[in-house]
Amino acid sequence: MPTYRDLQSNLMRAGYDPQGIDGKWGKCTLAALMAYMAGVKISDRIRDLAAELAVQLPKYQVNSPLRILHFLAQACHETDRWRTLTEYWGPTAAQERYEGRADLGNTQPGDGKRYMGRGIFQSTGRANYADLARRTGLDLVAHPELAAAVSTAVLTACIFWDTHTLAGQSLNSLADADNIKGVTRVINGGQNGITDRIAILARGKSVWGV
């Protein structure tokens with residue numbers, strides 16, 4: 001299995017400095033990997049997210065190359081390559097349909113926009129915010145904007161990853177099987193952006209030698 005040292009060496013050769021080749025998991029290596037997968041420079045937002053992810057991912061057993069890469073590929077796509085933690089709002093026709101959607105728990109006038117996608121997995125809808133509020137202890141229903149804070153964005157994504165399944169399979173299991181369509185169905189609810197998600201994942205695999 002490819003090691004962290006392999007990843008660091010490959011990132012360095014690709015021009016993404018992991019701040020040392022020590023074979024250890026850490027925020028600098030993660031930031032370089034995130035930027036490489038996105039095809040962007042290492043930004044302050046990426047550094048901030050990486051600092052949180054480096055702590056949280058191991059707690060949820062996102063601790064192997066495939067698990068890490070699948071998690072990051074989904075997050076990278078959902079955040080427009082780490083550019084935003086809040087859904088771009090038009091509203092588009094699709095966003096207008098958020099209003100009143102029972103499957104999202106949007107039962108009150110204005111819920112569609114109020115509970116727009118936020119966080120690195122773009123949690124959407126009153127029901128999802130209420131569930132994450134219960135799990136985190138944060139009042140995300142009264143203050144949905146908190147879901148876009150870096151620490152909350154990472155924590156809620158990790159909780160979502162840990163608690164959602166597809167046909168009885170956890171997201172870690174789907175990642176272990178390299179089943180990106182299955183992972184995408186859980187994260188997205190469909191296959192929106194699947195071509196981009198596959199491309200981002202492929203970049204990660206190439207630099208880690210997976």
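Annotation note: trypsin sites (Lys or Arg not before Pro) in region 13-47 located in DSSP loop regions with a Cβ neighbour count of at most 15 within 10 Å are 24, 41.
Would you mind checking the tilt of helix 4-13 against the longest principal axis of the Cα atoms of the chain, expressed as 0 to 90 degrees and rounded to 10? Helix 4-13 sits at roughly 80 degrees to that axis.
Quick one: net charge around residue 90, please, counting Lys, Arg +1 and Asp, Glu -1 for every other residue with C-beta under 15 Å from its C-beta. Charge balance near residue 90 sits at -2. Taking a virtual spin label 7 Å from the Cα of residue 92 along the C-beta vector, which residues in region 193-210 bring their backbone nitrogen under 16 Å of it? It comes to 193-197, nothing else.
Provide the net charge surrounding residue 39, with neighbours chosen by a C-beta distance below 10 Å and charges set as Lys +1, Arg +1, Asp -1, Glu -1. All intermediate terms of the calculation are to be shown ahead of the outcome.
On the way: positive: 41, 81, 203; negative: none.
Here the count lands on +3.
Sort 143, 77 from largest to smallest accessible area, using a 1.4 Å probe on the heavy atoms of the protein chains.
Working: 143 90, 77 50 Å².
Putting 143, 77 in descending order of accessible area: 143, 77.
The dipole here belongs to the chain: it is taken about the Cα centre, uses +1 on the Cβ of Lys and Arg and -1 on the Cβ of Asp and Glu, and is about 280 debye. Based on the Cβ-Cβ distance of residue 143 and residue 103, what FRET efficiency does E = 1/(1 + (r/R0)^6) give at R0 = 22 Å, to the nearest 0.05? Approximately 0.40, to the nearest 0.05. Computed from Cα atoms, the angle from the helix 150-163 axis to the main principal axis of the chain rounds to 90 degrees.
Taking the chain as the reference, fit the longest principal axis to its C-alpha atoms, fit the long axis of helix 65-78 to the helix C-alpha atoms, and give the angle between the two in degrees, 0 to 90, nearest 10. Result, in degrees: 50. Taking the dipole about the Cα centre of the chain, with the C-beta of Lys and Arg at +1 and of Asp and Glu at -1, give me whichever of 175, 7, 39 is farthest to the positive side. Of the options given, the answer is 7.
Counting only protein heavy atoms and a 1.4 Å probe, tell me what percentage of the chain's accessible area is made up of carbon and sulfur. List each step's numbers first, then the result.
Numbers: 4800 of 9550 Å².
For the chain, the apolar C and S fraction of the accessible surface comes to 50 percent.
The separation of region 46-114 from region 160-210, counted between C-alpha centres, amounts to 14 Å.
Kirkwood hydrodynamic radius (Cα pairs, Å) of region 65-210? It would help to have the intermediate numbers written out before the result.
Working: mean 1/r = 0.0642 Å⁻¹.
Mean inverse Cα-Cα distance, inverted, gives 15.6 Å.
The values are calculated or read from the model by the stated rules, or taken from the named source; none is laboratory data. Source: prediction; values computed, not measured. Cβ coordinates were reconstructed from backbone atoms using ideal geometry, including for glycine residues, and neighbour counts include every protein chain displayed. Side chains are part of the model used for accessible areas, which takes the heavy atoms of the whole protein and leaves out ligands, DNA and RNA. Shrake-Rupley method; radii C 1.70, N 1.55, O 1.52, S 1.80 Å.
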